[in-house]
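One structure is given here, and the rest of the page talks about it.
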Amino acid sequence: MNKVILMGRLGKDPEIRYTQGNEPMCIARYNLAVRRKFKRDGEPEADFIPCVAFGKAGEFAEKYLSKGSMIAISGRIQVRRWEDQHGQKRWATEVVIEEQDFAESKASANARNQCNSNAEQENTHAQNGFSTIVEDIDENSDLPF
């Protein structure tokens, strides 16, 4: 049985492309940051799992998913092998998405986006020699992990 179930946040916006031909098909690729339950000193807090969604699943990713979105996915592991232009064998392991669902409420996503927007504004002010104090931070809002 080849079945994968993961929950995490997108590390960046999905990369979208369409196949050529009479009936173009959407292909969406993104990395899903999945937090490690246990980690040793010096190890990263999350693994970035490459995922690919085809067709309707790709169109869903294009329309609704963006950097930071918390989603739950299920799919299967796929290993691809090819030769590059120098004749070197290359391998890629990725999750082919069969299902993807939101794993946070719209309100939580909006609060996260607002917090990110405030942080970007603060960085802009800090670069100009000024720093903005943000007093309306909700301590109960979802953090990236």
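The values are calculated or read from the model by the stated rules, or taken from the named source; none is laboratory data. These numbers come from a predicted model, not from an experiment. So basically every Cβ, Gly included, is an ideal-geometry build from the backbone, and we count neighbours across all protein chains shown.
Which one of these is assigned by TED's automatic domain parsing to the domain that holds I16, exposed (fewer than 13 other Cβ atoms within 10 Å of the Cβ), touching a strand residue (DSSP E or B) at 6+ places or on another chain (Cβ under 9 Å) and in contact (Cβ under 8 Å) with a residue 40 or more places away in the chain: E83, E45?
Values: E83 fails: in contact (Cβ under 8 Å) with a residue 40 or more places away in the chain.
Going through E83, E45 in turn, just one is assigned by TED's automatic domain parsing to the domain that holds I16, exposed (fewer than 13 other Cβ atoms within 10 Å of the Cβ), touching a strand residue (DSSP E or B) at 6+ places or on another chain (Cβ under 9 Å) and in contact (Cβ under 8 Å) with a residue 40 or more places away in the chain: E45.
When you check R112 against the structure, is it modelled with pLDDT under 90 and outside any loop (DSSP other than H, G, I, E, B), yes or no? Lay out the reasoning, then the answer.
Details: modelled with pLDDT under 90: yes; outside any loop (DSSP other than H, G, I, E, B): yes.
Against the criterion (modelled with pLDDT under 90 and outside any loop (DSSP other than H, G, I, E, B)), R112 qualifies.
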Go through segment 91-106 and report how many residues are farther than 15 Å from Y64 by Cβ and loosely packed, with under 10 Cβ neighbours inside 10 Å. 1
Give all pairs with beta carbons closer than 8 Å in which a residue from segment 1-25 that is assigned by TED's automatic domain parsing to the domain that holds S66 and over 20 Å from D101 (Cβ atoms) meets a residue that is acidic (D, E) and outside any strand (DSSP E or B); count only pairs at least 6 apart in sequence or on separate chains. none
Hits in segment 1-12 - residues which are part of a loop (DSSP other than H, G, I, E, B), surrounded by 12 or more Cβ atoms within 10 Å (Cβ to Cβ) and at pLDDT 95 or above: none
Take the conditions touching a Leu at 6+ places or on another chain (Cβ under 7 Å) and buried (at least 17 other Cβ atoms within 10 Å of the Cβ) and apply them to I27. Does it pass? no
